[in-house]
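Read the structure below first, then the notes.
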Amino acid sequence: MSRLSSFSPSRAFITAPARELGVADHPVFQALPLEARQRIEATGRLQRTQSFGRALAEHELHFVLNGAVGLFPGAGDICVSLVPAGAVQGWDRALWPTSPGPVAIPLVETLLFSTPAASILDTLGRDWLTRLVMLQAQQRLRGLEAEACCNASHAVLDRLAKWIVRLHEGSAGAPLHITQAQFGQMLGVQRTSVNVAAARLQALGLVRFGRGRVRILDLEGLRAASCCVAPAASLADRAAPVRAPESKSFLQAPESPLRRIA
Ligand SMILES: [Zn+2]
């Protein structure tokens, strides 16, 4: 999964209830220079979005505090990437406001802190942002390659299980309000194919589907049934502490946090 410019969030961040989170808790925000943080706080706002609600505004930078956002290359197309809690969507909009990008849609109830992308350009600088976006593009490409491979070669049941695990982890275990039709949209398959796979996962006792909700009954079993999902141990890696930078020059330092963007 492409993490799209997130620093490793702490376990406390991953598991914190959404109502207690603010942008100051976001690991990428914490690693930004003071001037940028002040600008973002002054110009941004918290917003809560519904599952499969409106697409995120393209001219804004979105710090995902809780939940998960899916990237769709075109309206109604397959979901190619996930922007989970702890990641940021839209750095490229600050550099190239009018260039076409994927449509970003919240896949579950999601808490965001959103700020006009243009407002960070002068505080972070064009060079800094260009390097960040280049790194992000490399990661995104690797993620897209893996996703294309998964879509072409793995069964719908395995991929459905994968997305349920991803969304569960991306949204810190919050209830998943997603219909089987919406899963069909994410997987790029017919709803009937999702119905068959969902019935099988349910018969295996791994999940229960009902009224647009998904309840996970056996997370480890679901993980075992899914393809392309990182082992649970990787959560420990994600809990690595984030070292805040001391100045705007932190991105040039040999131990730059930028190198840790994963
Ligand atoms: Zn796969």
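Read-outs: derived from the displayed coordinates by stated rules, not from any lab. Since this is a predicted model, take the numbers as computed values, not measurements. Heads up, the Cβs are rebuilt from the backbone with ideal geometry, glycines too, and the neighbour counts pull from every protein chain shown.
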Burial-style ranking of 98-107, 63-72, average other-beta-carbon count within 10 Å with highest first, yields 63-72, 98-107
Inter-part gap, Cα centre of the stretch 103-130 to Cα centre of the stretch 189-211, in whole angstrom, is 35 Å
Kirkwood-based Rg/Rh on the Cα set of the stretch 57-100 evaluates to 0.97
Using alpha-carbon coordinates alone, the radius of gyration and Dmax of the stretch 154-225 in Å work out to 10.7, 29
Full extension between ASP122 and CYS150 adds, at 0.36 nm per residue less the Cα distance, a length in nm of 6.1 nm
Counting only residues 5 or more apart in sequence or on a different chain, those whose built amide H sits under 5 Å from that of LEU61 are THR115, ALA117
